[in-house]
Amino acid sequence: MKSKPEIKVDEVEEAVAADPLRKEYHKAFVVNPRRKADLREHNAALLCIDVQYLDAAEGYGVFAQGGGPDEEKRRYYFDRLASDVLPNMGALQECFRRHSLEVIHCRICALTRDGRDRSAGHKRLNLLAAPGSKEADFLPEVAPIGDEIVINKTASGVFSSTNLHYVLNNMGIGSLYLAGVYTNECVETTARNACDLGYFVTVIDDGCATVTPELHQASLANLRDRYARILTTAEAIAEVDRFVEANM
């Protein structure tokens, strides 16, 4: 068999740029003035995705006893978590809390100790974070404080498997800022679903991680200026500081 040609990330982004609806997406989702209004009216929230011991801590969950990807990918992933994702997510949380904006945490966590309520996909993967287990705990650097909302799920996308959409509608939330892991799995699925449900989505580039930089960049290329804007932590914080009503 002939080997498939390697596809580079810049080639993926070039292909995405050829989308015939690119201008329409940009106008409808990226520069829509409703985004700024959501910030001014406190109708924006930060959604922190799956930063827990199950999938974001060495020696636990999928990374226990040599599990997970090979050593090179493990090192890349955990180095990025330590150097970028955790400090940036912490800074975002501090910013949203300072402006009295919602900080919402979702995690993989079953309703039952034996996981009988899990999705079919998680059962096939033998993926279980039981309630009260270490695997279900959030990493302390970015854990919820006070009465911040925690949403438990047993699927990749939080919208398809929980009542998050109902909760957000009850609070009038129209814009979501996403950070967490993995970029190409739970983050991307959540961003796509949120956009389809009518939310204005922003994914934080340096607030997300997966096991290779190529997967991370390819996933962002899929989302960029279609399902979501892509911002850095510094850009997102500057935007929130500028447009939240308390600072006007």
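Read-outs: derived from the displayed coordinates by stated rules, not from any lab. Keep in mind it's a predicted model, so treat the numbers as computed, not measured. Every residue, glycine as well, gets a Cβ built from its backbone with ideal geometry; the counts of neighbours run over all protein chains shown.
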Exercise. For the residue pair Asp147 and Asp241, what label-to-label distance in nm results when each label sits 7 Å from Cα along the Cα-to-beta-carbon direction?
Worked result: 3.0 nm
Problem set entry | Computed label-point distance, nm, for sites Asn169 and Lys134 using a 7 Å Cα→Cβ extension | 4.1 nm
Exercise. Summing -39500 (n - 2.57) over the DSSP H runs of n ≥ 4 in the chain and dividing by its residue number, what mean residue ellipticity at 222 nm do you reach, to the nearest 500 deg cm²/dmol?
Worked result: -10500 deg cm²/dmol
Exercise. Near Lys123, which aspartates and glutamates are there with a Cα under 15 Å away, not counting those fewer than 8 places off in the same chain?
Worked result: Asp114
Problem set entry | Eligible aspartates and glutamates near Lys23 by straight Cα distance, threshold 13 Å, same-chain separation 8 or greater | Asp225
Exercise. So how many Å³ per residue does the convex hull of the Cα atoms of the stretch 202-247 work out to?
Worked result: 67 Å³
Seminar exercise, completed: Quick shape check on the chain: root eigenvalues a ≥ b ≥ c of the Cα gyration tensor, a/c under 1.5 is rounded, otherwise prolate if a/b tops b/c, else oblate, and it reads oblate
For this session: Using label points projected 7 Å from each Cα along Cα→Cβ, tell me how many nm separate Asp70 and Val31, to one decimal.
Result: 4.5 nm
